[in-house]
Amino acid sequence: MKYVTPTSPSTLVRAAKFATLAIAGSFLAGCAQNAPQDTFAPEGQNARDIDTLSRAVFSIAGVVGLITFSAIGYAVWKFRDRGQPIPEQTHGKPALEIGLTILPALILIGVAIPTVGTIMALSDTDDTECIINVTGQQWWWEFDYPVQDGCGGIDEPIVTSGQMAIPADTNVLIRGTSRDVIHSFWIPKLNGKKDMVPGRVHNLRMQADEPGLYAGQCAEFCGLSHANMRMEVIALDDADFEAWKANQLEDYQSPEPDTLAAVGEQTFIANCSRCHQVDGLTDGDGVPVIARPDLQVYSGAAPNLSNLMTRLTLAGATWDLIDSERRDLLWNDATAEEFGPLYLEGVQDEWLNEVDLREWLRNSPAKKPMYADPELLEPTDGLYRGMPYLALSEDQIDQLIAYLLERK
Amino acid sequence: MFTTGSKFLIGASVVAVIATLVYGIGQGGVMGTIGLTSATVALIGLATLNALLRDSNVFADDSAPVEASSAAQFAPASSIWPLAFAFSGVIVAVGLISYQPILVIGLIAVLATGAEWAVQAWAERASGNVEHNAEVRSRLSNPLEYPVGGALAIGIIVYSFSRVMLWLSKTNTTITFSVLASIVVAIAFVIAFRPKMNPLAIGGVMATGAIAVVVAGTLTGLDGERDIPVFETTAIWQEEAILHPVEYAEGAEEGKHPAERICESPEEFPEADEDPSQTVAGKSGTFDVVLTPAGTLDFDVPGPLGDNVAGMTIQRSNATNIIFRNESDEHRRLSLDLGTDTFVVNDEDVVDRHQICTTLIEPGAAQLFTVVAGQPSVAFEGQINPNGPGGTEDDGLWFFVPGVESANLQVIVP
């Protein structure tokens, strides 16, 4: 006896409408113009190699998929149950089976050859000319430039975070690792993902064709604020990169006496310097103020704020330090030639995004989820993961903003 | 009145409520309290449902069949659980006066045998038929008994194997278990190629093997593990000199080791240098530091560093893996002086030099060690480093080789 569940025409129509909307939505999503992490819009040779390979593989897979689903659809329609007797059942068709084994194998071999070649080409870092250490920790990226002849010559190490400046059209060696859990470094327009594992160093070649700003995001789930662990690569032409380096290594400038920034310097020493290093900062006795984040934070590190206002983001590149108008100018309107000089202007009073900076200083764990509740730090022996709530007054926040605005 | 199943579930609910209150108030664990509360709610729900359905034997509103129902007939079967329960109680008593693990095992046994006893008693009220009651009991208990019993059996076998392995020497363990594995494979082949073999014979062989393993594990476990030496490391000895200076000095007077600190000594520390820990995990991206035949320190790092770089930059607060290669003609160690740091000695902060080093390695050998620098180089600007090369540029952080004055390499920590 056959049991048939009737399907009403209205149900079928609803299902068809839903499927049409879902498919159309998927296709329309590909038309987005503001897509800074579009992996199909490469702007460096490494990403271009990946893109070329991906398009070829997707094309082959698309044709195979089309043939397969067409054959399935044809068989389902052609041999649908119309009450006919069951056709003759046979076992084995050696020629067909051998053919259907060899054909996919040949296709896979055809795909494997360029895939392996591209993987090997991407892993080759012998042609790099500049070393940058990239270190992930919950939930921000640190970039440090060791003393080297590369990168145009660096005599003193440079440490920054959130935004990584690189010379444009230069193969840069990223030596990546992590201080706590596994992270993954990914700038889609410049290269593929690379996991950063604690205790290991992973090499990645990075190159940008032209000066510009390239966005990325941690691509390995790493805890509470994984989604807020972003980074940006800033490609500068050689002259601008030299200017950037020189600025990073400039001596510390104390605020003018009797200014709000001068008060902010003392506020910084009292509240922030346990974790955040500002190179050249000294206390009232002229003794260098050395941060010890290794005694406060689980990862052992906190962003170096010596030149905070030369980078345009804060809190793991989650928020901008510049307002939306300046952001549009840098991200969308500036040409490759204009970008470098505009970027080197850093953060100025006129375009400071004070709202997010103020909110961050007021209560950072409320703005970005972090393990910063002192009562819940037993698993880490009292060490924070992220920035704690500092209970700063509004006056102290004013002082700190004035002080930080001079860290250029 | 309440049915047998309802009584059981109501009793379990009361125990769960008490456990939740005791744990929630006494321990205060959030997750544990949530779990126990969930279990309590589930048990109360089941108890209520079962009370309404009266063990599914009779209608809840029909009182007449209660007395005549099969559930009301008493058909006891022979049971091992009262005896096992009593034996478990003895284990608890022994555990109370001996070792905590025995107490824990006893408590688990009491709970398990008590539950089995309760289930059997409940099943005996199902009907007046002993076989049917046994089937009822099996339907409830077997889904728990088989996996738990299997896990226990596997655990006992594995634990027995581990006792035997730890009792034998490393070499004999390899030989013994290679032979045993071969025998197991041979028996498996015989069984596979003789499908009509008597199942009793197969069961007998397997039971004999299992008993032999358990007996061997018990005997070797009682005899104890082989002597496994705990190797000292250079890091332990370096810390020992700072944390326990008096005992360290006494050890030096007794000739256990040189009086100077290991990272500053070209001498051999027998315990640290001859039998160091050999645990070197998989590392990558290592830095090379080489003591050349000329007595200088050379280095290499991954990437296009260039030829004009005098110092090695290592990251702050991050593990840097360094391989020291001794290309000199003498036994040498590589030491790193990371400036001063604060150590807690007898609850007091003591500022001392932060040094780490390799063991004394032979000519041509190499050793890996991991460096973590907590403070930047600028923290030590202007401070004389006694292990620097001397002269005007002897502040900062330095690699050095005890006994080779010309072997110095600056370390830069941003």
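The rows are residues; the columns are (1) more than 30 Å from A:Gly150 (Cβ to Cβ); (2) at pLDDT 95 or above.
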position: A:Gly73; (1), (2): yes, yes
position: A:Gln84; (1), (2): yes, no
position: A:Lys93; (1), (2): yes, no
position: A:Ile98; (1), (2): yes, no
position: A:Asp126; (1), (2): no, no
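Within segment A:347-361, residues that are closer than 24 Å to A:Trp244 by Cβ sit with their Cβ atoms under 9 Å from residues that are assigned to a helix (DSSP H, G or I) and open to solvent by 30 Å² or more (accessible area, probe 1.4 Å), at 6+ positions apart or across chains, in these pairs: A:Trp351/A:Glu325; A:Trp351/A:Arg327; A:Trp351/A:Leu329; A:Asn353/A:Ser324; A:Asn353/A:Arg327; A:Asp356/A:Lys367.
Please work out if B:Val301 is touching a residue at least 12 places away in the same chain (Cβ under 8 Å), under 30 Å from A:Asn203 (Cβ atoms) and buried (at least 21 other Cβ atoms within 10 Å of the Cβ). So B:Val301 passes the test. Scanning segment A:322-344 for residues that are within 29 Å of A:Gln137 (Cβ to Cβ) and among the charged types (D, E, K, R), we see that the one that is most open to solvent (accessible area, probe 1.4 Å) is A:Arg327. Residues that are open to solvent by 40 Å² or more (accessible area, probe 1.4 Å), touching a residue at least 12 places away in the same chain (Cβ under 8 Å) and of a type outside the set (A, V, I, L, M, F, W, C) are absent from segment A:92-102 altogether. The residue that is surrounded by the fewest Cβ atoms within 10 Å (Cβ to Cβ), among those in segment B:306-319 that are of a type outside the set (S, T, N, Q) and part of a loop (DSSP other than H, G, I, E, B), is B:Asp307.
Screening segment B:135-147 for residues that are touching a residue at least 12 places away in the same chain (Cβ under 8 Å) and either within 24 Å of B:Ala216 (Cβ to Cβ) or among the aliphatic types (A, V, I, L, M) (or both) and picking the one that is surrounded by the fewest Cβ atoms within 10 Å (Cβ to Cβ) gives B:Leu140. Within segment B:320-340, the residues that satisfy the criterion of being surrounded by fewer than 17 Cβ atoms within 10 Å (Cβ to Cβ) and either in contact (Cβ under 8 Å) with a residue 40 or more places away in the chain or within 14 Å of chain A (Cβ to nearest Cβ) (or both) are B:Glu330, B:Thr340.
Per-residue answers, yes or no, for (1) within 14 Å of chain A (Cβ to nearest Cβ); (2) farther than 19 Å from B:Phe299 by Cα; (3) in contact (Cβ under 8 Å) with a residue 24 or more places away in the chain:
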| site | (1), (2), (3) |
| --- | --- |
| B:Val371 | yes, no, yes |
| B:Gln375 | yes, yes, yes |
| B:Val378 | yes, yes, no |
| B:Gly382 | yes, yes, no |
| B:Trp398 | no, no, yes |
| B:Pro402 | no, no, yes |
| B:Gln410 | yes, no, yes |
| B:Pro414 | yes, no, yes |
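Taking the criterion of being of a type in the set (A, V, I, L, M, F, W, C), surrounded by 11 or more Cβ atoms within 10 Å (Cβ to Cβ) and more than 30 Å from B:Glu264 (Cα to Cα), would at least one residue in segment B:220-239 satisfy it? For segment B:220-239, residues of a type in the set (A, V, I, L, M, F, W, C), surrounded by 11 or more Cβ atoms within 10 Å (Cβ to Cβ) and more than 30 Å from B:Glu264 (Cα to Cα): absent.
Among the candidates A:Glu97, A:Glu88, the residue that is in a helix (DSSP H, G or I), more than 14 Å from chain B (Cβ to nearest Cβ) and charged (D, E, K, R) is uniquely A:Glu97.
Residues checked against (1) touching a Gly at 6+ places or on another chain (Cβ under 6 Å); (2) at pLDDT 95 or above; (3) crowded, with 17+ Cβ neighbours inside 10 Å; (4) more than 14 Å from chain B (Cβ to nearest Cβ):
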site: A:Val263; (1), (2), (3), (4): no, yes, yes, yes
site: A:Thr267; (1), (2), (3), (4): no, yes, yes, yes
site: A:Gly280; (1), (2), (3), (4): no, no, no, no
site: A:Arg292; (1), (2), (3), (4): no, no, yes, no
site: A:Gly316; (1), (2), (3), (4): no, no, yes, yes
site: A:Asp320; (1), (2), (3), (4): no, yes, yes, yes
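Those strands (runs of 3 or more DSSP E) of segment A:132-176 in which at least 1 residues are within 11 Å of chain B (Cβ to nearest Cβ), under 13 Å from the mean Cα position of the chain (by Cα) and buried (at least 24 other Cβ atoms within 10 Å of the Cβ), considering only elements entirely within it, cover A:140-145.
Scan segment B:133-149 and give yes if some residue there is within 21 Å of B:Leu222 (Cβ to Cβ) and modelled with pLDDT of 90 or more, otherwise no.
The answer is no; no qualifying residue exists.
When the criteria are applied in full, B:Pro389 meets the requirement of being open to solvent by 30 Å² or more (accessible area, probe 1.4 Å), of a type outside the set (A, V, I, L, M) and closer than 19 Å to B:Val309 by Cβ. Open to solvent by 10 Å² or more (accessible area, probe 1.4 Å) and away from every other protein chain (no Cβ under 12 Å): does that describe A:Ala302? Considered against the rule, which asks whether it is open to solvent by 10 Å² or more (accessible area, probe 1.4 Å) and away from every other protein chain (no Cβ under 12 Å), A:Ala302 comes out as no. Residues in segment A:143-178 that are closer than 25 Å to A:Asp320 by Cα and of a type outside the set (A, V, I, L, M): A:Phe143, A:Asp144, A:Tyr145, A:Thr160, A:Ser161, A:Gly162, A:Gln163, A:Pro167, A:Gly176, A:Ser178.
The values are calculated or read from the model by the stated rules, or taken from the named source; none is laboratory data. Here the structure is a predicted model, which is why all the values come from computation and not from measurement. Backbone-built Cβ (ideal geometry, glycine too); neighbour counts: all protein chains shown. Side chains included, ligands, DNA and RNA excluded: accessible areas come from the protein's heavy atoms. Shrake-Rupley method; radii C 1.70, N 1.55, O 1.52, S 1.80 Å.
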